[in-house]
Structure formats: C-alpha cells, structure tokens
Amino acid sequence: MQFKKYFFHREGREGSQRKAFLNLLCEPLRPLRFMLLLAIASSAHAGSVDNLRTFVRETQTARAQFSQTVLDRNGRATGLASGVMAFSRPGKFRWTYEKPYAQLIVGDGAKLWIYDQDLNQVTVRKLDEALGSSPAALLAGSNEIERFFNLTDAGSRDGLEWLDAAPKSSDTMFAAVRMGFAGNTLKQMELKDSFGQTTIIRFDKLERNPKLPADQFKFAPPKGADVIGE
C-alpha cells in the first residue's frame, strides 16, 4: 500500500516523528480508525472512568496546544514536535504541526487528509477506515469508546490521575494507551507500541466546547501537490 510505504519507511530527519504521529492518528492501518477521549478525572479511583464517560457524552469540540516526544525502547528521545489541535466530534479533527516541520492532518467527516508541506504531497484515505480501535478513537470518535477499549483506573503518578485504555482488538500496533489528568483537564497521553517505542503527547491550554469554524475541518489539496490514495 502506498500510504504505509510512504509514511512508515521514509528516512531522514523527520522519519521517526512522522511515523509516530501517523501511528497515533491512523492506527491500525488495516483498517485504521481514530480520535476522542479528552477528559475529566477525579481523585476517586472508581470515579475516573465514570467521569470520562460523562465527558465524552458532553464534550463535542475541543482545542489545545500540544508537544510530542518520541522515546525509543531505552527511553532516549528520538523526536520532538509541537503544534495545535482541534476536534469536533464525531470524526472531524485538525492537527497542525508547526515544529520542527510543517505538516497538516485533517479529518473532514468523510476523508482523512495528510499534507506534507516540505514535499508538497497529500495522502488521502476514507475516514471510516481511520476511526475505531486506535488511540485516535479516544479523541475524536463517537461515544462508543467502550466498544473498542477496556477502560481502567491506573492510579496517580507525577501529580496526575491516570486512566488506561486497552484496545480490545488484537489488530493494533499499540500495546498500551494511557491518559493523565489534572483536575478536569487532560494533560498527557502515553502510547506504547509493539516495538517498544513510546509516544508522549502533552496538552496545554485545553478548551472544551469552543465554537470552531466549519472550514477548519475542510481541506483541498494545494495546486500542484502530488495526491496519493483515493
């Protein structure tokens, strides 16, 4: 498949960072499904999952700044990135990478668009193949989180209350997904893949239910860009 070959075998300064982010947004690749769990947590262990369910029911949109760190199996940082994200459930989202390179990922409700500005290249997929039992379904999917994940409280660590979301499907590259909350705000996601790599995403200035313009979740390939996919 061209999509997999391009994003998972590309080498260079941005290779590992692109791979980690595409794993996060578009995993599993056959089929792949993705994005919403931004969350409320409480200090009560038994209540964290219930608060999350309430949040999923009541939160339709969100936006935040984010930073991303990729660690290898030995805990060494192999990539750093940052940008802004927004979503409108179900199925609409926008992740804008600003550093160290420009990249845009948009879900418009029907298709998933990935624009590599450096290469002037666009990859497109059907969105229904990109949402479901992947980490992204925890962010911008439907209310059916527990159809695809087993949710359990994971206690406290580093000043945050943690929630584990274990994929029910075995057809996934991720061994574990963990969410860290401070009060009623999601602060961090940790995603461990089957190769021992960990992707850590930290959120800042998270807003719940902001009014977002509809055109934020639309994308048209730039003139002259190479388009791969459907």
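The values are calculated or read from the model by the stated rules, or taken from the named source; none is laboratory data. The model shown is predicted, which means the values in this text are computed figures rather than measured ones. In this analysis, Cβ positions are derived from the backbone assuming ideal geometry, glycine residues included, and neighbour counts consider all displayed protein chains.
When residue 34 is tested against (1) out of contact with any Ser or Thr (no Cβ under 6 Å at 6 or more places or on another chain); (2) among the hydrophobic types (A, V, I, L, M, F, W, C); (3) modelled with pLDDT under 50; (4) closer than 18 Å to residue 127 by Cα, just one condition goes unmet, and that condition is (1).
Of all residues being acidic (Asp, Glu) and farther than 11 Å from residue 61 by Cβ in segment 183-216, which is surrounded by the fewest Cβ atoms within 10 Å (Cβ to Cβ)? Just the residue, please. Per the criteria, the residue is 215. Residues in segment 80-107 that are more than 15 Å from the chain's Cα centre (by Cα) and assigned to a strand (DSSP E or B): 80, 98, 99. Does segment 133-151 include one or more residues that are at pLDDT below 90, among the basic types (Lys, Arg) and either under 25 Å from residue 79 (Cα atoms) or assigned to a strand (DSSP E or B) (or both)? Looking for residues that are at pLDDT below 90, among the basic types (Lys, Arg) and either under 25 Å from residue 79 (Cα atoms) or assigned to a strand (DSSP E or B) (or both), one finds none in segment 133-151, hence no. Residue-level check: of (1) surrounded by fewer than 19 Cβ atoms within 10 Å (Cβ to Cβ); (2) at pLDDT 85 or above, residue 113 misses just (1). Looking at 196, 155, 183, 159, just one residue is on the phi > 0 side of the Ramachandran plot and modelled with pLDDT under 85, and that residue is 183. From the list 219, 174, the lone residue that is in contact with an Asp or Glu (Cβ under 8 Å, 6 or more places away or on another chain) and modelled with pLDDT of 90 or more is 219.
Is it fair to say residue 96 is at pLDDT 90 or above, in contact with a Leu (Cβ under 9 Å, 6 or more places away or on another chain) and more than 18 Å from residue 213 (Cα to Cα)? When the stated conditions are applied, residue 96 does not pass them. Being part of a strand (DSSP E or B), surrounded by 18 or more Cβ atoms within 10 Å (Cβ to Cβ) and over 15 Å from the mean Cα position of the chain (by Cα) is a condition met by at least one residue of segment 171-181. Among the residues making up segment 193-225, those that are in a strand (DSSP E or B) and either under 13 Å from the mean Cα position of the chain (by Cα) or among the hydroxyl-bearing types (Ser, Thr, Tyr) (or both) are 198, 199, 200, 201, 202, 203.
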